[in-house]
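Notes for the one structure printed next.
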């Protein structure tokens with residue numbers, strides 16, 4: 001077997017994956033010389049897949065040709081209503097085939113797709129809409145009901161298209177009508193690599209979400225990184241050919257990440273560009289998932305650790321034949337090493353595990369671990385992709401030597417330029433070209449990277465960021481609460497669970513407080529942000545001399561809690 005470094009050097013010196021240096025931003029970036037210019041170029045390439053099945057949803061199937069025609073029709077409809085290049089378009093719906101059609105229609109006209117978290121409540125949706133001022137809303141019936149009180153107060157909106165109305169009241173044009181006609185050609189729009197492509201909201205330093213703005217080049221670089229990863233795997237076995245996707249068996253993907261998540265969005269354009277068959281579900285159900293894998297002989301699945309764990313368990317208990325799976329990838333939260341060992345045992349080493357470390361700001365994975373390396377080092381996040389530079393930095397930003405713990409900083413062509421209309425937060429996070437991830441970790445002598453803790457006060461539950469300040473502020477609205485601190489506790493399924501330590505004046509009078517808070521917070525926050533564990537105390541919360549809560553001491557209060 002060839003050495004990894006040797007293979008990378010050969011693949012990136014010329015040809016499809018040639019990497020060159022770009023200093024146009026004032027610092028060197030490694031970029032792909034021959035990368036597609038935009039996501040729209042990837043969409044155009046799908047015409048060759050023609051009658052191949054693209055999406056499977058329940059009893060419905062949609063071919064690549066049908067998908068393309070609907071994208072073209074929706075793109076023309078949006079243009080006809082006055083939506084232009086650079087306008088924002090909010091997409092809010094479950095993982096329906098219409099999500100893909102909506103996303104690609106945005107890319108076809110050079111609009112910026114604003115991915116709305118389908119789990120958000122009304123106030124959370126309102127913030128994103130007020131911040132992004134969209135010119136269009138592409139939503140499902142559930143989101144229409146939640147947004148109804150907001151729509152009349154949004155003068156920027158020119159087009160509203162509703163998919164899967166499912167009994168929702170009037171408002172907007174039905175999706176089928178908007179995609180019924182318009183020809184089979186995309187509008188002619190000049191789209192540059194530096195044009196904005198998406199805005200995905202992520203928790204910010206004040207507890208308010210920040211709109212992470214990604215360019216066409218960010219997403220295309222992410223696509224190329226993934227394709228190069230596959231080429232590296234083949235090259236290490238001595239195969240440097242470039243097979244035509246039409247000559248290969250069609251791959252099948254079980255889509256578990258929501259499309260509003262950077263992991264889901266990455267999966268969407270990878271499946272689109274590679275001609276894969278994608279199975280969608282209304283909501284996650286491990287038994288349905290196993291059935292889909294068995295019925296359609298799906299070859300790949302990726303998801304947060306709990307999703308992968310539940311899939312493996314459902315397959316084991318049901319006896320379903322899931323041997324078609326050759327790739328099982330996990331990410332979006334810390335991946336427990338025992339899960340990797342379970343994959344190795346259950347698939348007898350025949351399914352390759354993968355882990356991608358990344359954030360919304362890095363346009364998905366920028367450090368990866370997979371295959372034999374992952375089996376051998378299940379606690380490592382792996383090595384940076386070839387276009388990414390990574391350092392472990394001290395408090396002054398100086399690189400630290402191997403094995404010393406510091407903050408992980410990254411730089412590359414897939415790092416976003418910043419946050420939507422938030423120059424202060426952009427400078428703090430991206431100043432000088434390096435993105436400060438907020439994660440503490442180290443690099444070993446072999447070049448493998450490890451994450452040991454987070455510098456920022458963020459709990460990551462099932463791949464979703466929970467910012468403590470936001471939850472604390474909501475809890476403090478309860479009249480019995482004097483003080484509160486949110487901490488993250490290790491969880492074998494979700495990576496972390498959200499826990500609250502609450503100070504009250506009278507512990508006896510606050511016995512029903514957790515139940516009351518669950519009810520109250522359900523009206524204010526998405527379900528994944530609501531604490532699952534509580535500790536009530538009359539004592540002052542432990543703090544440093546400067547007034548910061550000592551969260552390590554608070555976590556000890558939950559020792560032994562399930």
Given (1) 23.5, 72; (2) 32.9, 101; (3) 29.2, 96, the label whose value is Rg and Dmax of the Cα atoms in Å derived from this model: (1)
Got a sec? How would 489, 525 order by Cβ neighbour count within 10 Å, fewest to most? 489, 525
FRET efficiency estimate (nearest 0.05) - Cβ-Cβ, residue 403 to residue 33, R0 56 angstrom: 0.95
How large is the helix-only mean residue ellipticity at 222 nm for the chain, computed as the sum of -39500 (n - 2.57) over DSSP H runs with n ≥ 4, divided by its residue count, in deg cm²/dmol to the nearest 500? -9500 deg cm²/dmol
With label points set 7 Å from each Cα along the Cα-to-Cβ direction at residue 148 and residue 375, the distance between them in nm comes to 5.5
For residue 532 and residue 455, compute 0.36 nm times the residue count separating them, minus their Cα-Cα distance, and round to one decimal in nm. 25.4 nm
How big is the antiparallel share of DSSP beta bridges in the chain, given as a percent to the nearest 5? 60
Point-to-point label distance, residue 250-residue 395, nm (Cα→Cβ direction, 7 Å offset): 5.8
Relative exposure of 287, 219, 76, judged by other C-beta atoms within 10 Å (fewest first): 287, 76, 219
In percent, how large is the relative contact order of the chain, given Cα pairs closer than 8 Å and 6 or more residues apart? 12
Can you give me the Kirkwood hydrodynamic radius for region 142-299, using every pair of distinct Cα atoms, in Å to one decimal? 19.6
For region 300-382, how big is the tail of P(r) above 19 Å, as a whole percent of Cα pairs? 31
FRET efficiency estimate (nearest 0.05) - Cβ-Cβ, residue 48 to residue 239, R0 22 angstrom: 0.45
For 102, 230, 324, ascending order of other Cβ atoms within 10 Å (fewest first) is 230, 324, 102
May I ask you to list the residues of region 515-546 whose amide nitrogen lies under 11 Å from a point 7 Å from Cα along the Cα→beta-carbon direction of residue 480? 515-518, 536-537
Set the Förster distance to 45 Å, then compute FRET efficiency between residue 63 and residue 22 from the Cβ-Cβ distance, nearest 0.05. 0.75
Cα-derived Rg to Rh of region 458-556, Kirkwood definition: 0.95
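Bear in mind that the values in this text are calculations on the coordinates, not laboratory data. None of these values were measured; they are calculated from a predicted model. FYI the Cβ positions are ideal-geometry reconstructions off the backbone, even for glycines, and counts take in every protein chain you see.
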